[in-house]
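A short reminder: the numbers here are calculations on the coordinates, not readings from a lab. Given the structure is predicted, the values throughout are model-derived calculations rather than measurements. Note that we place each Cβ from the backbone using ideal geometry, even for glycine, and neighbour counts take in every protein chain shown.
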Amino acid sequence: MTPEITVLCITAAAIGFFHTLLGPDHYLPFIVMSRANRWSVSKTALTTFLCGLGHVLGSVLLGLVGVAAGIGVGQIESFEGARGNLAAWLLVGFGLAYCIWGIRRVLKGKTHTHVHAHADGLHSHEHTHSHTHEHAHPHGDTGRTPTPWILFTIFVLGPCEPLIPILMYPAAKQSISGMILVTAVFAVTTVTTMLAVVLVSAWGARMAKLGRLERYSHALAGAAICLSGLAIQFLGL
């Protein structure tokens, strides 16, 4: 390993860590969706891992095409910028739609009466909670929450801005094996940081008691995702 590749590997680890930590879109959507949907630890980890992997691989493939075809860094950066804007607005749209879905879900949770069969005859029971989650019936709204695969699609479209111009292209000038190593360090650091932040924060979020706001957990999750997209678009996070 040359000294240049060594420096680039250290830089890749540092950038992967801080780029992930400073970007709320890398972890906030998973934390709030895990809390609102009561995901298990394994589902939270798997969803985060797949989205993180897709996020990195999208830029890796573009960088490989750029290196192989001799495309200039400026052109790649312009394309990555366009991808970034698209992904940010998709995150905003997804969060807004999820928030609206959550509010509608609460509004549907009105008092209703059902007749149930018991050993001593028929009894009517009043329920004040929603069909969509707390009281399940084989009719009406199934209450399915927005699929995490929507997040996966958004993350695949979202670029890792520093990867190609700062790491892949300089490493490719040294050697292809060096470029692969530097890229792998960045990918592992990024995904590992995502997993660590999400799992620790999701555990803490599950401990939090929302009280009367609990029924608005989906709406609040959608609002948080929307705000994270807006933060990326307008604050450059």
- Going fewest to most other Cβ atoms within 10 Å around each Cβ, ARG212, ARG105 line up as ARG212, ARG105
- In this structure, the FRET efficiency calculated for ILE103 and LEU57 from their beta-carbon separation, with R0 = 41 Å, to the nearest 0.05, is 0.70
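For the stretch 8-47, go through all pairs of different Cα atoms, get the mean of 1/r, take its inverse, and jot down that Kirkwood value in Å. Numbers along the way, then the final one.
Numbers: mean 1/r = 0.0871 Å⁻¹.
One decimal place: 11.5 Å for the Kirkwood radius.
Once R0 is set to 25 Å, what does the formula 1/(1 + (r/R0)^6) return for the Cβ-Cβ distance between VAL200 and ALA14, expressed as a FRET efficiency to the nearest 0.05?
Taking R0 as 25 Å, the efficiency between VAL200 and ALA14 is 0.75.
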- Where does each of GLU4, GLU161, GLU80, GLU214 land when they are ranked from fewest to most other beta-carbon atoms within 10 angstrom? GLU214, GLU4, GLU161, GLU80
- Send over the Kirkwood Rh of the stretch 1-90, from the inverse of the averaged 1/r over different Cα pairs, rounded to one decimal Å. 15.5
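Once the piece of chain linking LEU96 and LEU227 is laid out straight, how much longer is it, given 0.36 nm per residue of separation minus the C-alpha distance between them? Don't skip to the end; give the middle numbers.
Numbers: separation 131, 0.36 × 131 = 47.16 nm, distance 0.90 nm.
Between LEU96 and LEU227, full extension yields 46.3 nm more.
How much net charge surrounds GLY229 when only other residues with a Cβ under 15 Å from its Cβ are counted (Lys, Arg +1; Asp, Glu -1)?
Details: positive: ARG83; negative: ASP25.
Its environment carries a net charge of 0.
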- Message: Please list, by residue number, everything in the stretch 204-237 whose backbone N is under 18 Å from a paramagnetic label point 7 Å out along Cα→Cβ of LEU21.
- Response: 237
- Note on the structure: Listing TYR98, TYR216 by rising number of other beta-carbon atoms within 10 angstrom, fewest first, gives TYR216, TYR98
- Query: Expressed in whole Å with the largest first, what are the equivalent ellipsoid semi-axes of the stretch 140-216 derived from the C-alpha gyration tensor as the square root of 5 times each eigenvalue?
  - Reply: 39, 17, 9
